[in-house]
Amino acid sequence: MPTTEHLRVERLTKRFGEVTAVDSASFDVRRGEVHCLLGENGAGKSTLSECLYGFYRPDSGRLFVDGHPVAFSSPRDAIAHGIGMVHQHFVLVTPLSVIENVVLGTHKSGWSANLTEARQRLAEICDRYGIQTDFNAKIWQLSVGEQQWVEILKALYIGAELLILDEPTAVLTPQESERLFRIIRRMTDDGLSVILISHKLNEVMQSDRVTVLRKGKIVGTVNTEETTKSDLVKMMVGRSVSLKAERRELSAGKPVLEVKDLAVNNDRGLRAVNGLTFQIRANEILGIAGVAGNGQKELFEALVGARKVEQGSVHLNGANVTNLSPKSMIDIGIGYIPDDRYRAGLVGEFDIEENLILGLQERAEFSRHKLLDVKRMAKFAQEAINQFGIVTPSSKARANTLSGGNAQKIILARELWSSKSCLLANQPTRGLDVGVIEYVHKMLLEKRSDGFAVLLASEELDDILALSDRIAVIVKGEFMGIFDAGSVSLADLGLLMAGQKLGTSVALEVE
Ligand SMILES: Nc1ncnc2c1ncn2[C@@H]1O[C@H](COP(=O)(O)OP(=O)(O)O)[C@@H](O)[C@H]1O
Ligand SMILES: [Mg+2]
C-alpha cells in the first residue's frame, strides 16, 4: 500500500451562492494509489475535484502538492503541478482527430508542425499503459467510451502525475470498464496517482482507499480492504440501504404484453427497432440490457402509442393495441416511465400536483362535473410526497425546480398508481441515488407481485440482474437473444451488449 503523500486538501470550502457545495473538506492522496471519491448526486464530488484542478477557486482551504502549499487560479496552474482531469462531460473538438485533440490540449501554438513528434510521444504513452486507439480517427467517429480514452491521453500527454477521473465508467460496458481499471493499475504501478470519482460500488471496491462525501462534507476516508459495500453505502447515504432487492420466486401467469415482429423507425426515418418478438406474462419482469441508443427509446414509445408501429403488432391482454393513441394506452392502464424525465414524463412549468395527474385529468378520481377537483389533487399529491419521500417545499413547487431523483419519484408515483396490468420502464434509475434506486427496485418488484407484466430497460446491469425474470440484450434494434435470468452472467451480458455472440472467443485488447 502506497504511503507517500502526493496531494493534501485541508478544510477546503466552495460555495455557489447559498449552496455550500464543498464544506471544509480534508483528505489526502498518496503517490501510486487509486483513491475513490464516493458520494451521491450533488454530494460535491465534481466541485471538489474542479477545485483541485484549478477550474474553481475555493472560498477557503489549502492545497499541498508533495507537501508544498499551492494555489491554482486556473487549470493551467494545476497542470503545471502535474494534475490532470477527465471531466464528467467531455470537452473534445468533434470534427478533429484524436491526435489533433491531444495536441490542442497542450495550448502550444503552431501545433500542426509538432504532429509527428506528438504522434511519437503519444505512441509511447499508449504502449506504456496498453491503451489502444486510432490517432487519426475523428472524435465524432468514436464511441463515448473511446472518446474517454482521448481525454485520458490528453491528460497523460501533458504530463499529469495525478489524474482525476470524474465518473469515467458511467458510459462504459462492463468489459470497457474492466479494461479501464487494468490500465489505471498500470498507471499507478508506474507511480501515477489516480482520483476516481464514482458512485458504483463494484468499482469503488477496486481502489486502495475511499473518501466518502455527503452533502458537501467528508464523512471519512477508509482503506478499501477493510471496508464493505454496505459500510460504504451507509457512509454515503447516512442509513442502511439493502443492496439486494427482495425478489420472491413467482410463477408467471397469463400473457399480458405480446409483441410480434415489431419494427419502428427513429426520428430520421431509419429502422430503430427491427423485428422484435417477445411476450411478458403476469408476475414477470423482462429486462432489456443494452447501451442506450440501441432502439430502447423507440421501442418504448411505440409500445405506448407515441411512435408509429411500422410493422408487426402489439397485444395487451389479448386485445390488439397496435398504434392506439397515447391517451388510449393510458386509459387501458399501461404505465410508462420514460428515460427522458423532463421531455417526456413531466411538464417543467407545471407544479407537482398537476404533474401527478398528467394524462389522468378525466379520471373520476380527479374530476367533478368536468372540472378538476383541486382538493382531491392536493390530497393525492400530499400522499405521493409522503409515500415516495419527495423532497420539496410544497406540492405547488414547479417540476423544473426538483432534483432528478425527486422528479423521477413523481413519474413513478403517477405511473404506478395509474397503470393496471403493464408497466414499461425505460432507464428508471438513471442518475438516481442509491437510496432512491432501492425504492424504485422495490416498487417494480411490488408491481410484479401484483400480477403486472413489467418491461424494464436499463444500462445498469445491476438493475437488470436484480429484477429480471428473463433478460433480452438489445443491439441496434435487435435482440441478441432472450435468456432466463439465472443462465447469463454479468460478463455474458457485457459481451452481448457489445454485439458479441456468446461462445465465440474474444481477444482481449490489453495484455
Ligand atoms: N456551477 C454551479 N453553480 C451552482 N451550484 C452548483 C454548481 N456546480 C455544482 N453546484 C451545486 O453544488 C452541489 C454539488 O454538486 P456537484 O459537485 O456537481 O456534486 P456531485 O459531483 O457529487 O454530483 C450541488 O448542490 C449542485 O447543485
Ligand atoms: Mg459530478
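Rounded, prolate or oblate for segment 227-276? Axes are the square roots of the Cα gyration tensor eigenvalues, ordered a ≥ b ≥ c, and the cut-off for rounded is a/c under 1.5.
Judged from the Cα gyration tensor, segment 227-276 comes out oblate (a/c at least 1.5, b/c at or above a/b).
Taking +1 at the Cβ of each Lys and Arg and -1 at the Cβ of each Asp and Glu, which of His81, Gly54, Ser26 sits farthest along the dipole of segment 7-98 towards its positive end, judged by Cα position relative to the Cα centre?
About the Cα centre, the residue reaching furthest to the positive side is His81.
To the nearest 20 debye, what is the magnitude of the charge dipole of the chain about its Cα centre, counting +1 on the Cβ of each Lys and Arg and -1 on the Cβ of each Asp and Glu?
So the dipole magnitude of the chain works out to roughly 1180 debye.
Count neighbours as other Cβ atoms within 10 Å of each site's Cβ, and list the GluC sites (Glu not before Pro) in segment 1-90 that are DSSP loop with at most 12 such neighbours.
Of the GluC sites (Glu not before Pro), the ones in loops of segment 1-90 whose Cβ has at most 12 other Cβ atoms within 10 Å are Glu18.
Give me Arg209, Arg185 ranked fewest to most by other Cβ atoms within 10 Å of their Cβ, as a rough exposure proxy.
Going from sparsest to densest Cβ surroundings: Arg185, Arg209.
Between the DSSP loop rule and a limit of at most 11 other Cβ atoms within 10 Å, which GluC sites (Glu not before Pro) in segment 231-316 are left?
Loop-located and lightly packed - Glu246, Glu249.
Take the alpha carbon atoms of segment 266-299, find their center, do the same for segment 62-103, and report the distance between the two centers in whole angstrom.
40
Can you list which of the trypsin sites (Lys or Arg not before Pro) found in segment 46-109 are DSSP loop residues with at most 16 other C-beta atoms within 10 Å?
Of the trypsin sites (Lys or Arg not before Pro), the ones in loops of segment 46-109 whose Cβ has at most 16 other Cβ atoms within 10 Å are Lys108.
Say the dipole of the chain comes from +1 at the beta carbon of Lys and Arg and -1 at that of Asp and Glu; which of Gln387, Val256, Ala491 then lies farthest toward its positive end?
So the residue furthest toward the plus end is Gln387.
Go ahead and estimate [θ] at 222 nm for the chain from helices alone: -39,500 (n - 2.57) per DSSP H run with n ≥ 4, summed, over the residue count, rounded to 500. Walk me through the numbers before you get to the answer.
Working: 16 runs with 159 residues, N = 511.
Calculated from helices alone, the mean residue ellipticity at 222 nm is -9000 deg cm²/dmol.
Based on the Kirkwood radius over alpha-carbon pairs, what value in µm²/s does the Stokes-Einstein equation return for the translational diffusion coefficient of segment 181-266 at 4 °C and 1.567 mPa s?
Rounded, D is 77 µm²/s.
Would you mind checking Lys154/Lys200; Lys45/Lys297; Lys234/Lys447; Lys327/Lys370; Lys234/Lys409; Lys260/Lys308 for any pair whose Cα atoms are more than 19 angstrom apart?
Lys154/Lys200; Lys45/Lys297; Lys234/Lys447; Lys234/Lys409
Beta carbons within 10 angstrom, averaged per residue: use that to sort the peptides 490-501, 326-337, highest first.
Output ranking for 490-501, 326-337: 326-337, 490-501.
I want the antiparallel fraction of DSSP beta bridges within segment 5-237, as a percent rounded to 5.
Details: 23 of 41 bridges.
Close to 55 percent.
Give me Trp140, Trp417, Trp149 sorted ascending by neighbouring Cβ count inside 10 Å, so fewest comes first.
Trp140, Trp417, Trp149
Compute the distance from the alpha-carbon center of segment 1-25 to that of segment 332-392, in whole Å.
41
Using the crude model of +1 on Lys and Arg Cβ and -1 on Asp and Glu Cβ, and no other charge, please compute the dipole size for segment 5-237 relative to its Cα centre, in debye to 20.
Numbers: 27 positive and 30 negative charges, 77 e Å.
Roughly 360 debye for segment 5-237.
Could you tell me which of rounded, prolate or oblate describes segment 319-469, using a ≥ b ≥ c as the square roots of the eigenvalues of the alpha-carbon gyration tensor, with rounded for a/c under 1.5 and, failing that, prolate when a/b is larger than b/c and oblate otherwise? Walk me through the numbers on the way to the answer.
Working: a/c = 1.77, a/b = 1.18, b/c = 1.50.
Taking the square roots of the gyration eigenvalues as a ≥ b ≥ c, segment 319-469 is oblate.
Just rank Cys126, Cys51, Cys36, fewest to most, by other beta-carbon atoms within 10 angstrom.
On the way: Cys126 17, Cys51 25, Cys36 30.
In order of increasing Cβ crowding within 10 Å: Cys126, Cys51, Cys36.
The numbers here are math on the coordinates, done by the rules we state, and not lab data. Note that the coordinates shown come from a computational prediction; the quantities given were computed from them, not determined experimentally. Counting neighbours? That spans all protein chains shown, and the Cβs are built from the backbone with ideal geometry, glycine included.
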